[in-house]
Amino acid sequence: MTFPSTHPALARALVARDYSVPTAVQRAVLEADAAGRDLLVSAQTGSGKTVAFGLAMAHLLLGEQERFGRANEPMALIIAPTRELAIQVQRELDWLYADTGAVVINCVGGMDVRAEARLLNAGAHIVVGTPGRLRDHLERKRLDLSKLKSIVLDEADEMLDLGFREDLEALLEATPSGRQTLLFSATMPREIETLAKRYQSEAIRIETLRRDQQHADIEYHAMRVGPGDIENAVVNVLRFHEMRATLVFCSTREAVKRLHGRLVERGFSAVALSGELTQHERTQALQAVRDGRARVLVATDVAARGLDLPDLALVIHADLPNDRETLLHRSGRTGRAGKKGLCTLIVPYNRRRKAEVLLTAAKIKATWSTPPTVEAIRARDQDRFLADAIFTEVASDDDLLQVRSLQAARSADDIAMALIRLHRARLPAPEDLPEDTGPPPRKEFAPVRGDAPLAGRQRFERPNRVARASDAPTSSAALSPRSAPRARDDRREMVWFRLNIGRDRNADPRWLLPLICRAGNVTKAEIGVIKINDRDTRFQIVAEFADQFADAARTTSPKEGHISRVGANTAADDAAVSEPISTMPAANLRGDKKAPAGGAAVQRPFNKKAPWRASATKRPDKPSFRPASSPAEAHANAAPRDARPSGPVRNGAAAPKSRSKYAHKKKHRAAPEKTN
C-alpha cells in the first residue's frame, strides 16, 4: 500500500481512482505525528490538497468504524472561498468517502437556500460551503456545529483577500474547543499566521515547497508586445499551442467581454466567466470547457478562484496581475497533479518593469521572447496536421470506396489540396504582429532659449522686460549669441515677423498663436519661436511659407494688430510702437481682467459688466484696477491723480461718495458701544 496510515475504506477508493503515489502534501498529512493534530499547511495550488485534508480527518470522523452511522449534526465542516471550489471539494469527497456511507452536502451562495435548509435539517456528516452562506445558516439556527470534530479552511488566503474575515471568525467561534483545525493555503501572509495562532492549538507547520523555488511543473514565458497588440498576441499564442483547455486572465469584466467577443469573432470556441454571471451560466461555461465543447475560458481573478479544470495546460495573462500572490494563484490553475503546464505573460513595453518586479517577487524565472509569428504558426499547423489521427486510423470499407471514387474523379494533388484547405478552414487565422521595437524614441526637447526649434514644435519665450523694438534683429547674422539660432542641417530655415501687440496689451501665447494662424492662414506646425516684448511680439515662420504668410497678413483687421516682416520697411510700425501707451488700441484682446503691467492704465472700451478704473494703492508705480461705473469715470481715471475728482464720476460730474450698506456693521464691529 503506497498511502501510509490510510483508512481501509478510503484506501479502496484511492485504488479505484488509480491513485498509486501520494503527492508531497498528502504524504505529509499522513505522517504519524500529524494524526489528529491541528495543521497549518502551505502547498501549491493543484497539489492534491482536497484529498490530503480528506485523508487527514478520516480517523477523527470514522475511528475504527467502516461506515458512518445515521446523519445528524455535521461532524466536519469545509469552508471554501468560491462556489466552484466548494462544489469541486464536494465532488472529491463524494468519491473519497463513497464506501463509508457519508452524506456530503454543500451550502453556497447563488443556490436555493430553502433546499439547503431542508438538507441540513435531514442531517449530514460533512458540510462544504462558502463563508457567507454558512454564516447565514448558523445565525438562523439551521447549522448546528456543537458536534463538530474537524474544520477545514481551504484556500484561506483567498478568503481573507475576498473580505471573509468576519464570517470565518464567526464560524470558528461557534465550533467546540476540542475540534481539529486544518488550515490550507497556497501562500502564508501575516494575516494567515495571525488567524492560525488565534484558532489553532500547537499546530504542525507543513510546507511542501521552498519559498525561493518556483513551481517545477509550470514553464513561464513572458512575451514583449506593443500596447495595442495585446489581443492579437493572445490570438497567436492560442493558435501556436492549440491546447485542449486554456485559461485567459483579464483584470476587469469589460476586458473579459471585449476579449471574449474578439475570440468568438475570430472563430475560437471560447466562453467567458465573470462575477456578473448567474450560477447557472457559470456552471454551463465551466462544463463546456470540461466537455471539450469550449477550448478557451476568459475570466477575471475573482471568478476564476478555486477552478479545477483537469485538462488545463495553458494560462495566459492578458492583463498583468497586481501582486505576486495573484500571479501564483493564476498560474496554479495549470500544472496540477503532476501534469506539466505553461504560463504566458503578455507584457507591453510600458509594463515591462512591472512584469520584472512581479516575477522577481514570486521567485519565477521566465523566458522572454516575442509572440509567435505567422510563419511559426503555419509550421506548427503543418506538424500537427501530419500527426493527426486521420492518417493512422484503420479504414473501413466505406472509406476505401470513397477513396477509389475520389481517385477516379480527381488527381492526387487535387485531393491533397482539398484536404489542406478543409483543415485550414477550421483554424482561426493568425495575426501578423509587427516586430516589437520597444518604446518609441523620446522626442528631442526644444533647445534652450535662443536656439531654433524643431519643425512643428512651438516654444514660447519671455525675454527681459527692458527689451526694445530697436533691439530686434534684422537678420539671423545680427542676432546676439544668446538669441541667435544655431545652424543645423536637420532644421528648416525660419523668417522673423513682428506683431505690434506686446505685454502692454496682455499678450499671451494662448491667444496669440491662434491669432497668428488665422491672420496668416498657417498652422502651428509652421510657427517657430514666439518672443513677447513690452510693445510687440516677434515670431518665426518657416521660410517656404513666409511669402504666403506675409500676403495673407496684409489683409488682417487693424483691431487684431499689424503684422510685418522683420527687416522689411517697418517705419510705420516703429512709429506706432514709439507712440505713448495711452494712444494704443484700447482693447485687452485676451479679454481677461488682469491689469497691464507698468506705467499708466490702458483703458478698455466701457463695459457695463467689467469696466476698469484705477484706484489708489500703497505703491503708486503699480496701480491696481477695479471696474469703472461709466465712460466718464474711465476718462477721469486716465488723468493725473492730483487732477481727479474725489468721488466717483457720474455723467461727467463728481458725485458724493456713496456709503456701503454694510458700513454701519463694520463700524459697529470696529468700535462697539460701551455699556455700563
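Structure data summary
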item: Taking only Cα atoms of segment 150-299, radius of gyration then Dmax in Å; result: 20.2, 58
item: Cross-link pairs beyond the 23 Å C-alpha cut-off, checked among Lys197/Lys365; Lys257/Lys354; Lys340/Lys363; Lys257/Lys363; Lys149/Lys197; result: Lys197/Lys365; Lys257/Lys354; Lys257/Lys363
item: Relative contact order (%) - segment 8-207, alpha-carbon pairs under 8 angstrom, separation at least six; result: 30 percent
item: Extension gain from Arg293 to Asp397, taking 0.36 nm per residue of separation minus the Cα-Cα distance; result: 34.4 nm
item: Dipole of segment 8-207, positive direction: furthest Cα of Ile78, Gly163, Asn121, with charges on the beta-carbon; result: Asn121
item: Shape metrics for segment 218-378, restricted to C-alpha atoms - Rg then Dmax, Å; result: 14.6, 42
item: Cα convex hull of segment 8-207 - mean projected area over all directions, nm²; result: 10.3 nm²
item: C-alpha center-to-center spacing [segment 330-351, segment 127-204] in angstrom; result: 30 Å
item: Counting all C-alpha pairs of segment 45-149, share separated by more than 15 Å (%); result: 60 percent
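A short reminder: the numbers here are calculations on the coordinates, not readings from a lab. From a predicted model like this one, the values you see are computed outputs, not experimental measurements. Please note: Cβ atoms are built from the backbone with ideal geometry, for glycine as well, and neighbour counts cover all protein chains shown.
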